[in-house]
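The structure appears below as structure tokens.
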Amino acid sequence: MADQYDVVVIGAGPAGYVAAIRCAQLGFKTACVEKWIDEDNNPVLGGTCLNTGCIPSKALLDTSHKFVEAQHDFEVHGIKAGKVSIDVPAMIDRKRKVVKQLTGGVAGLFKGNKVDGVSGAGKVVAKDKVEVTDHEGKKTELSAKNIIIAAGSVPIDIPPTPIDQDVIVDSTGALEFSEVPKKLGVIGAGVIGLELGSVWARLGAEVTVLEAMDDFLPAADRQIAKEALKLFTKQGLDIKLGAKVTGSKISGKGAKKSVNVEYTDSEGEQKAQFDKLIVAVGRKPYTEALLDSSVGVELDERGRIKVDDQCATNIPGIYACGDVVRGPMLAHKGMEEGVMVAERLADKKTQVNYDLVPSVIYTHPEIAWVGKNEEELKEAGVDYNVGNFPFAASGRALAANDSDGMVKMLADAKTDRILGCQIIGPSAADLLQQIVIAMEFSASAEDIGLTMFSHPALSEAVHEAALAVNGHAIHIGNRKRRK
Ligand code: FAD
Ligand code: AMP
């Protein structure tokens, strides 16, 4: 007889493992099916985020940032470190250890919360049945009153540049280079392309980013995107906009292999040669061998599992969350959806606030935003006030010699309610979170202005931007001064 569960979750990435843990906490008998295994066939939890996404990329970003600091910034502080060099295998090894610690942590959480981890590929074969095929091909069946699908996403592969994970790599391959490529091409100036391009540029690669669109970071506020482009260019990233990659050819043998890339821009057909090429053109939902067509779970036009605002599919008892459904492909969005689904199963009225999903690019400086940007407010015809504060006027940022960027806050001109915040600067992700919380509580810019901030702290820049919304900033000249 099939094992009986209240909930079977498919996928142990951030959406799935969080959903499984919350379900178990709420008293449901829960299993989580995950097909990822390591080279010794041991189950690996944590999904893209922990294994090949958020965490390993941040590990490499942190190492490469320290390398840049040691090379260029220590001197300013009077520290003589001599000539520094990078040991790439040691860097990759540290990254693997961090990943292992965290994926092992998820296994520990499953044990502690009594979630049954089931190793194998799950397939929804009926509205209350999941078939699991383990790595040896053995099939078992799990019965479930409810199924939560959290199968995530995979990198998009484009025909002009087929991935060989040697010379032409996707984001996973770009986290595993054994040495710094001399010339590195990156296709796509999205979040992943910029983060991975930055890692290898900081370590000494000559990096060219080819982006098909004419606009840089189109989802970001224009002023912030302009500042980012200026700073990244200063850091040595050669970002070519309006450059659409149309073809590639690998030449040479062994360590001498390289790739010739063809692209078109406003001046016509162009060519470039790279030692390695990272294809970072986005990700697509992963639904391969996941759904038996007899079950009738609907997909949308982009191959995502179709769900409502509460992550319910068209089939009662089947839910889906994370990258495999609509919305931004972000770990925190998936985690909150996982919690929402679990709590809805327990008859709680939990809701995800999709208007307040923070976006972050973990370059240096970081870029983070939430809510509406200036262009969106203009387009919607909303009357707003803007408050800007540059980190160049922050005592803490200057003390740290890390003062590029600014905080920009937008508030409703009539009600003063905060409508959006964009930050480019040191620790932007953590600074932005203060405003995400404030916006959850419908705070006004004045509320933030009246709050006491520790001195000296980077967050004073958020305080001053809020004051600047109404022309009250103390540490900069105010554009429009009001009483
Ligand atoms: P995934 O993490 O993709 O997990 C899905 C899991 O389901 C996988 O483990 C997969 O093996 C498993 N699975 C799939 N099908 C089956 C099946 N049939 N049976 C069993 N198991 C199955 N997001 C951020 O928020 N912040 C970041 O800084 C960030 N950085 C990133 C950097 C990179 C390089 C990349 C690639 C992504 C990054 N992301 C980041 C995105 C983030 O990784 C994803 O949004 C997140 O992992 C999605 O979570 P998920 O649980 O929906 O899916
Ligand atoms: P994101 O979806 O944020 O990860 O960003 C991926 C980026 O890759 C987008 O900005 C796309 O415009 C870009 N892109 C997709 N295909 C190509 C291509 N053939 N050449 C250059 N850039 C591309």
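The values are calculated or read from the model by the stated rules, or taken from the named source; none is laboratory data. Note that the structure is predicted; figures quoted are calculated from it, not measured. Heads up, the Cβs are rebuilt from the backbone with ideal geometry, glycines too, and the neighbour counts pull from every protein chain shown. Surface accessibility is based on the protein's heavy atoms, side chains included, excluding ligands, DNA and RNA. Shrake-Rupley method; radii C 1.70, N 1.55, O 1.52, S 1.80 Å.
So what's the Cα pair-distance distribution over the range 1-86, bin width 10 Å, in %?
All Cα pairs considered, the percentages come to 15, 27, 21, 15, 13, 7, 1, 0.
Which residues' amide hydrogens lie under 5 Å from the amide hydrogen of Ile187, considering only partners 5 or more residues apart or on another chain, with H built in the peptide plane?
Placed amide hydrogens put Leu210, Ile278, Val279, Ala280 under 5 Å from Ile187.
Cα centroid distance between the range 437-457 and the range 353-409, in Å?
First find each Cα centre; the distance between them is then 14 Å.
Say the cut-off is 23 Å between C-alpha atoms; which of Lys138/Lys284; Lys66/Lys244; Lys234/Lys333; Lys29/Lys111; Lys244/Lys271; Lys83/Lys182 go over it?
Lys138/Lys284; Lys66/Lys244; Lys234/Lys333
Can you work out the accessible area per residue across the chain, with the rest of the protein chains kept in place, probe 1.4 Å, in square angstrom?
For the chain, the solvent-accessible area averages 48 Å² per residue.
Rounded, prolate or oblate: which fits the range 339-401 when a ≥ b ≥ c are the square roots of the eigenvalues of the alpha-carbon gyration tensor, with rounded for a/c under 1.5 and prolate only if a/b beats b/c?
Taking the square roots of the gyration eigenvalues as a ≥ b ≥ c, the range 339-401 is oblate.
Could you state the number of Å between the C-alpha centres of the range 225-283 and the range 109-132?
42 Å
Cα atoms only: what Rg and Dmax, in Å, come out for the range 235-382?
For the range 235-382, the Cα radius of gyration and maximum Cα-Cα distance read 21.3, 61 Å.
Starting from a Cα-only point model with no solvent, please compute log10 I(q)/I(0) by Debye for the chain at q = 0.10, 0.13, 0.14 1/Å.
After summing over all Cα pairs, the log10 values are -0.86, -1.32, -1.41.
Which value, in Å² rounded to 10, gives the accessible area of Arg202 with a 1.4 Å probe and all protein chains present?
Rounded to the nearest 10, the figure is 30 Å².
Over the range 168-281, one equal point on each Cα, no solvent: what is log10 I(q)/I(0) by the Debye formula at q = 0.09, 0.15, 0.19, 0.24 Å⁻¹?
-0.22, -0.61, -0.98, -1.46
Among the aspartates and glutamates, which have Cα under 18 Å from the Cα of Lys348 when same-chain residues fewer than 8 positions away are ignored?
Asp6, Asp308, Asp309, Glu336, Glu337
How much of the accessible area of the chain, in percent, comes from carbon and sulfur atoms when a 1.4 Å probe is used?
Of the solvent-accessible surface of the chain, carbon and sulfur hold 51 percent.
Compute, for Glu206, the solvent-accessible surface of its heavy atoms (probe 1.4 Å) with the complete set of protein chains present, and express it in square angstrom to the nearest 10.
The value for Glu206 is about 110 Å².
If Lys and Arg each add +1 and Asp and Glu each add -1, what is the summed charge of the other residues whose beta carbon sits under 14 Å from the beta carbon of Val281?
Local net charge: 0.
Please list, in order along the range 337-352, the HN-Hα scalar couplings obtained from phi with the Karplus expression 6.51 cos²θ - 1.76 cosθ + 1.60 (θ = phi - 60°), rounded to whole Hz, x for Gly and Pro.
For the range 337-352, the Karplus-derived couplings read 5, x, 5, 4, 4, 4, 5, 5, 5, 8, 6, 8, 9, 4, 9, 8 Hz, x marking Gly and Pro.
Counting other C-beta atoms within 10 Å, and keeping those with at most 16, which DSSP coil chymotrypsin sites (Phe, Trp or Tyr not before Pro) do you find in the range 16-63?
Sparse-neighbourhood loop chymotrypsin sites (Phe, Trp or Tyr not before Pro): none present.
Based on the Cα coordinates of the range 365-482, what is the per residue volume of their convex hull in Å³?
91 Å³
Quick check on the chain: helices-only [θ] at 222 nm, where DSSP H runs of length 4 and up contribute -39,500 (n - 2.57) each and the sum goes over total residues. Nearest 500, please.
-9000 deg cm²/dmol
For the range 267-311, list residues with backbone N below 14 Å from a point placed 7 Å from the Cα of Asp238 toward its Cβ?
Residues 270-276 fall inside that zone.
Take peptides 65-75, 139-149, 249-259 and line them up by average Cβ neighbours within 10 Å, highest first, as a rough protection proxy.
Going by the mean number of other Cβ atoms within 10 Å, highest first, we get 139-149, 65-75, 249-259.
Sort Trp369, Trp200 by heavy-atom solvent-accessible area, probe 1.4 angstrom, most to least.
Trp369, Trp200
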